[in-house]
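*Asks:* The following block contains the structure, expressed as structure tokens.
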Amino acid sequence: MKEQLDQIFSRHHGTRDALIPVLQDIQAEYGYLPPEAMEAAARFCRVAPVEVYGVSTFYAQFKFSPVGRNLVMVCQGTACHVMGGARVLEEVQSRLGIRPGQTTADGRFTLETVACIGACALAPAMVVNKDTFGRVKPEKIMEMLNGSGS
Amino acid sequence: MENEIITLTVNGKSVQGRKGQTVLEVCRANGIHVPTLCYHPKMPPYGGCRLCIVEIQNMRGLPPSCTTPATDGMEVTTHTDRLMRVRKTVLELLLAYGDHNCLLCEQTGNCELQDLVYEHGIEKVRFKGEFKPHPKDDSNTMIVRDQNKCVLCGRCVRACLEVQVNGVIDVAARGSDSYITTFNHQSLKDSTCVFCGECVASCPTGALTYKQARFRGRPWELKKVATTCTYCGVGCQLELNVKDNKVVKVTSDHEIPGPNQGSLCVKGRFGNDFIDHPDRLTTPLIKENGEFRQASWEEALDRIAGRFESIRKESGPDALAFFSSARCTNEENYLLNKFARAVIGTNNIDHCARLCHASTVAGLATSFGSGAMTNSIDDLKNSDVILVTGSNTTEMHPVIGSTIKRAVKSGRCKLIVVDSRKIDLVDHAEIWLRQKPGTDVAWLNGMMHVIIKEELYDKKYVDERTEGFEELKKAVAAYTPEKVEEISGIPKDDLIAAARLYASAPAASIAYAMGITQHINGTDAVKSVANLAMLCGNIGIEGGGVNPLRGQNNVQGACDMGCLPNVFPAYQSVTIPDVREKFAKAWGVDSLPGNVGLTIVETIDAAGKGKVKALYVMGENPMVSDPDLHHVEEGLKSLDFLVVQDIFLTETAQLADVVLPAACFAEKEGTFTNTERRVQRVRKAVDPPGKALPDWQAIAALASRMGYEMNYPDAEAIFKEICAVTPSYAGMDYQRLDAGGLQWPCPTKEHPGTKYLHKDKFVRGKGLFHAIEWIPPAEPVDDQYPFLLTTGRVLYQYHTGTMTRRSVGLNERYSECLVEINTEDAARLNIKDLDRVKLVTRRGQMEAKARVGEMTEEGTIFVPFHFSEAAANKLTLAALDPQAKIPEYKVCAVRVEKVA
């Protein structure tokens, strides 16, 4: 872990204001914020570890346990809500057998809800990893998951 | 212009403030009440609670007065219907998102939320919050955190991060889910919390409370007695909270003037349960046929007086010796010094300052003319650079540790740490030099070599205020960074960088402790520290100085009171006939002895040889604290007569012929002198247990029995006598001390006390440089004993553990001896964390568990000396510094074995 972290730190200045970008890079590397990495980030940015914890728990983007290989985000924003986002979420939950915030037992998928992804014209929308799907039909969901997920 | 006066109108009245103050500060200073919750005068403003909102003309909305700077001509209104309505709503929301059950709350009657609800007449809460109860954190025996009573004012967070600079807790999550927690949501017990309790002291509600005090008294039932802490030399002011003659808890108040401004450490706040411990001595004891039996004071004192008389008659006054105590008050130390010299007629009096800072007293006295800390604790905030060496400040003097960390956090001060252990301060340091134990003179000379070579020293100061520079220059010429690297292991570039940083500071302070002093060349090392400070013009200025941090509550005072074999009070030498005559007259005796008496280690030696036959020990425990314990035990056992006066039956008291029960600090009146020369009051809060008496009463009664009347109605009468014979205390009295203590020298009633010494002129005239050569430690490592052993203390224990080992909270944190060993060494010896190890030196051996980590360097072992069952001092060497007679506790050679 030390080498990966050193690599990340080499891209930033070791100051307080670099904390969030550093944490984003750590999450990009590991998929979540391992406690040891948060402590290392604290030392690097010269803040107390608990400040890192306070900052990272403030933002919804940071995760504290390992996520699945594939991240599924189902939009529950206003437009998606109107266009049946709840049904999409229900279908994903029943297909994967998990609730938002959980990861499948095989570690393949983690499910999250988001308030809006800015694709309202395509509502209801869903994101799998980097692929965004619009006008999602519940019966096509497994196809999308299998197609984008590894 | 910080002090520019500005005029505001508040509620229609004209008030004055200073530029730079906030609107709230101006209101408070003018006695105008503005409700607050998140505001705390010790902390930077937060602007979180929205209760201190005011209306300000030409300003939109309702600005919070705590974050709004006051400006000239401002028109402020603090109470309007609109403001009251908003404040009420804020309070109702706080109540809706909590479980504020005042009936069973420890803070009832002392709760700011309760007061605010009362002030705003809130009968019913209009809102129903989606409140999810949080589990309480009562994982430990000291602090309970009940999140359900938390109002998220953030005062505990700022107390931890900004005041103590520990940074253990913060606000996590967001919005109504927010809560205060530790890193990774651990319990306090498992977190990095050091239990200073600053958070508890700052909490406005019952969210943080004292666990041990639960159900033992409501705030209005507790009598608060302000006094001086009995642990280290910082001299923190604290309040003993008393109910039914028991100390229920210890609180602090930032408004009490003193060195700590309301901050305490775990020992001061949670380590006072020894006071009513069942093990306290309650009656005099006399040993007969190897067993103690209870005795009356009359019988015990008669026995002592009789034996002292007969020994003096047979073998002369120098067959008696006295160990005074840095734990006892000035009044008691003064009286024991008077007893030894005037009643018995011997200068054989010493105390454990010999074992910690004798080299400081000797070294600084020759360099500067005075052996005390030159500057003040609070003055550290004025330093541009602080160099800390041989002091694990955050553990030994935690409140000073926080002062240093605050200075660094403020951004104006840079920290240099020179320590062979990776102590907490290293995390805050700009530069850390890791020297091999026993090489201090070498790196100090090395720094001076660089500073002189690069001409970074203060030439004007050296010319005008010092002497001996040429000799110094010659001596340090050989200490090139390369040579110093060879001796000390400090990389030469780091040494150069540290030298430049120290020399570049307009005001640089050096703080040190036993890492410098407890060596065979301890006095030389102290003189080297003095050399460095003078070289850069740092003595006699604000923010500068050489600051030895004294270890015990009254070690400075015990020295000031003449509990040393060569001096009377205020360091007036016993060898000067005029001084002797002055004291003989003051004490009403014909003459006083003029030969210098024996030091602690010499006394033990003389006892072993039968030269000292009787020893009176007041509040010391040489059977744990002194070097080479086998030798100490032999010495004490060879005595004809041993008297020990203490609050517990210590390891030393067990060897005594007569034991006298003493009152502890909470049970008597008097004064302590802290490390910064500040004389502060000690006040009685509870009665002593059983027949225990303040030490001064025991001494006075004994003197009277021996035909020398000591009639003092109270401790204050003794203090008056002290001030009459001690020039540096001459201007003091109890009334003046009540206002926050006075720093000596304070020669007259009008004198305000002295914040820093040697201003404009050294006490000895000119500061004296010493040319010092480095010498290696007395016992080098070899094949048989391949590790360097160094000893010291830990945060949660104090000295020989007599008091701290009887405290519930402290022992929860650190209850047994842990031998620190470096990870690499441990791997080679196949030792894992918490394995049992045996340490063997040429003097003895001990067993304890290992603590494997990076705290010590490879090749070095650290052992705390608090634990009699794993006594570090069975291992240590009684090799003495020839000048100060201080033993070399900090280095000897040791072998480590894994216990199967």
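Read-outs throughout are calculated quantities, based only on the coordinates presented, and are distinct from any laboratory measurement. All values derive from a computational prediction rather than experimental measurement. FYI the Cβ positions are ideal-geometry reconstructions off the backbone, even for glycines, and counts take in every protein chain you see.
*Asks:* Quick check: the distance between the Cα centres of the stretch B:783-797 and the stretch A:36-98, to the nearest angstrom?
*Replies:* 48 Å
*Asks:* Here is a further query. Tell me which aspartates and glutamates have Cα within less than 19 Å of B:LYS124's Cα, excluding those fewer than 8 residues away on the same chain?
*Replies:* Straight-line reach from B:LYS124, under 19 Å: B:ASP81, B:GLU92, B:ASP99, B:GLU112, B:ASP115.
*Asks:* Just checking the output field for B:190-197: average partner chain Cβ neighbours within 10 Å of each residue's Cβ?
*Replies:* The per-residue average across the peptide is 1.
*Asks:* Just counting partner chain Cβ atoms within 10 Å, what average do the residues of peptide A:56-65 show around their Cβ?
*Replies:* 2
*Asks:* Which value, in debye to the nearest 20, gives the size of the charge dipole of the stretch B:559-628 about its Cα centre, when Lys and Arg are +1 and Asp and Glu are -1 at the Cβ?
*Replies:* Roughly 260 debye for the stretch B:559-628.
*Asks:* Within 10 Å of each Cβ in peptide A:41-52, how many partner chain Cβ atoms are there on average? Round it to a whole number, please. Don't skip to the end; give the middle numbers.
*Replies:* On the way: counts 0, 2, 1, 0, 0, 2, 3, 11, 8, 19, 7, 3.
Mean partner shielding for this stretch: 5.
*Asks:* Amide H to amide H under 5 Å from B:VAL418: which residues, 5+ apart in sequence or cross-chain, H placed 1.01 Å off N in plane?
*Replies:* Excluding prolines and chain starts, which carry no amide H, the hits are B:VAL388, B:THR389, B:GLY390, B:LEU433.
*Asks:* Further question on the same structure: Explain nothing, just the number: dipole magnitude of chain B about its Cα centre with +1 on each Lys and Arg Cβ and -1 on each Asp and Glu Cβ, in debye rounded to the nearest 20.
*Replies:* In total the dipole reaches around 1680 debye.
*Asks:* Amide H of B:CYS66: which non-local residues (sequence gap of 5 or more, or other chain) have their own amide H closer than 5 Å, using H built in the peptide plane?
*Replies:* Under 5 Å from the amide H of B:CYS66 lie the amide H atoms of B:LEU24, each far enough along the sequence or on another chain.
*Asks:* OK, next. Which of B:ARG843, A:ARG43 has the fewest other C-beta atoms within 10 Å, and how do the rest follow up to the most?
*Replies:* A:ARG43, B:ARG843
*Asks:* Among B:LEU834, B:MET74, B:ALA511, pick out the residue whose Cα is farthest towards the positive end of the charge dipole of the protein assembly as shown, where Lys and Arg carry +1 and Asp and Glu carry -1 on C-beta, about the Cα centre.
*Replies:* Of the listed residues, the answer is B:MET74.
*Asks:* What are the ³J(HN,Hα) values, in whole Hz, obtained from phi via the Karplus relation 6.51 cos²θ - 1.76 cosθ + 1.60 with θ = phi - 60°, for each residue of the stretch B:885-891 in sequence order, with x given for Gly and Pro?
*Replies:* So the J values, rounded to whole Hz, are 6, 8, x, 8, 5, 8, 9.
*Asks:* Could you work out the relative contact order of the stretch B:5-79, using alpha carbon pairs under 8 angstrom and six or more residues apart, expressed as a whole percent?
*Replies:* Reported as a whole number, the value is 40 percent.
*Asks:* Can you sort B:ILE256, B:ILE56 so the residue with the fewest Cβ neighbours within 10 Å comes first?
*Replies:* In order of increasing Cβ crowding within 10 Å: B:ILE256, B:ILE56.
*Asks:* Over the stretch A:2-58, what is the mean sequence separation of C-alpha contacts under 8 Å (at least six apart), divided by residue count, expressed as relative contact order in percent?
*Replies:* 35 percent
*Asks:* Could I ask something else about it? Between B:GLU467 and residues 5 or more places away or on another chain, which pairs have amide H atoms under 5 Å apart, with H built 1.01 Å from N, and which residues are they?
*Replies:* Under 5 Å from the amide H of B:GLU467 lie the amide H atoms of B:GLY767, B:LEU768, B:PHE769, each far enough along the sequence or on another chain.
*Asks:* Helix-only estimate, please: 222 nm mean residue ellipticity of chain B, summing -39500 (n - 2.57) across DSSP H runs of length 4 or more and dividing by its residues, to the nearest 500. Before the final figure, lay out the partial values.
*Replies:* Working: 29 runs with 249 residues, N = 900.
Dividing the helical sum by the residues of chain B leaves -7500 deg cm²/dmol.
*Asks:* Residue-wise, which Karplus ³J(HN,Hα) couplings in Hz belong to the stretch B:423-434, taking 6.51 cos²θ - 1.76 cosθ + 1.60, θ = phi - 60°, and x for glycine or proline?
*Replies:* 7, 4, 4, 4, 5, 9, 8, 6, 9, 10, 9, 9
*Asks:* Another one. So for each of B:718-725, A:8-15, B:469-476 I average, over its residues, the number of other beta carbons within 10 Å; can you give me the resulting order with the highest mean first?
*Replies:* Details: B:718-725: 19.6, A:8-15: 13.5, B:469-476: 17.9.
Going from most to least packed, we get B:718-725, B:469-476, A:8-15.
*Asks:* Over chain B, what relative contact order in percent results from Cα pairs under 8 Å that are six or more residues apart?
*Replies:* Once divided by the residue count of chain B, the mean separation gives 13 percent.
*Asks:* Based on the mean of other beta carbon atoms within 10 Å per residue, what is the order of B:556-564, B:874-882, B:304-312, most packed first?
*Replies:* Result, highest mean first: B:556-564, B:874-882, B:304-312.
*Asks:* With a ≥ b ≥ c the root eigenvalues of the C-alpha gyration tensor of the protein assembly as shown, is it rounded (a/c under 1.5), prolate (a/b larger than b/c) or oblate? Don't skip to the answer; put the middle values down first.
*Replies:* Details: a/c = 1.84, a/b = 1.61, b/c = 1.15.
Verdict is prolate for the protein assembly as shown.
*Asks:* Something else now. Rounded, prolate or oblate, given the Cα gyration tensor of the stretch B:358-548, with a/c below 1.5 counting as rounded?
*Replies:* Here the stretch B:358-548 falls in the rounded category.
*Asks:* Placing unit charges on C-beta atoms (Lys and Arg positive, Asp and Glu negative, everything else neutral), compute the dipole magnitude of the protein assembly as shown about its Cα centre in debye, rounded to 20.
*Replies:* With only Lys, Arg, Asp and Glu charged at Cβ, the dipole is about 2080 debye.
*Asks:* Now for a separate question. From the backbone phi of the stretch B:39-53, what are the Karplus-calculated ³J(HN,Hα) couplings (6.51 cos²θ - 1.76 cosθ + 1.60, θ = phi - 60°) in whole Hz, Gly and Pro given as x?
*Replies:* Couplings: 6, 9, x, 7, 10, x, x, 10, x, x, 8, 6, 9, 8, 4 Hz.
*Asks:* Still on this model: A 20 angstrom limit on the alpha carbon distance is what I want to check against. Which of B:LYS381/B:LYS459; B:LYS409/B:LYS492; B:LYS460/B:LYS759; B:LYS42/B:LYS409 exceed it?
*Replies:* Too far apart for the 20 Å limit: B:LYS381/B:LYS459; B:LYS409/B:LYS492.
*Asks:* With point charges of +1 on the Cβ of Lys and Arg and -1 on the Cβ of Asp and Glu, referenced to the Cα centre of the protein assembly as shown, which listed residue (A:GLY54, B:ILE600, B:LEU387) lies farthest in the positive direction of the dipole?
*Replies:* My answer, from the dipole projection, is A:GLY54.
*Asks:* Most mobile of A:VAL127, A:VAL82, A:VAL52 per a Gaussian network model of chain A (Cα springs, under 10 Å)?
*Replies:* A:VAL82
*Asks:* Another one. Return the percentage of antiparallel bridges among DSSP beta bridges fully within the protein assembly as shown, rounded to the nearest 5 %.
*Replies:* 55 percent
*Asks:* First check a/c for the stretch B:684-808, with a ≥ b ≥ c the square roots of the eigenvalues of its C-alpha gyration tensor; if it is under 1.5, answer rounded, and if not, answer prolate when a/b is larger than b/c or oblate otherwise.
*Replies:* Values: a/c = 2.15, a/b = 1.26, b/c = 1.71.
Note, shape of the stretch B:684-808 comes out oblate.
*Asks:* Another question, then. Give the residue from B:ALA498, B:ALA429, B:GLY369 lying farthest towards the positive end of the charge dipole for the stretch B:358-548; charges sit on Cβ (+1 for Lys and Arg, -1 for Asp and Glu) and the dipole is referred to the Cα centre.
*Replies:* Ranked along the dipole, the leading option is B:ALA429.
*Asks:* To the nearest 0.05, what FRET efficiency results for B:ILE256 and A:ASN146 with a Förster distance of 56 Å applied to their C-beta separation?
*Replies:* 0.20
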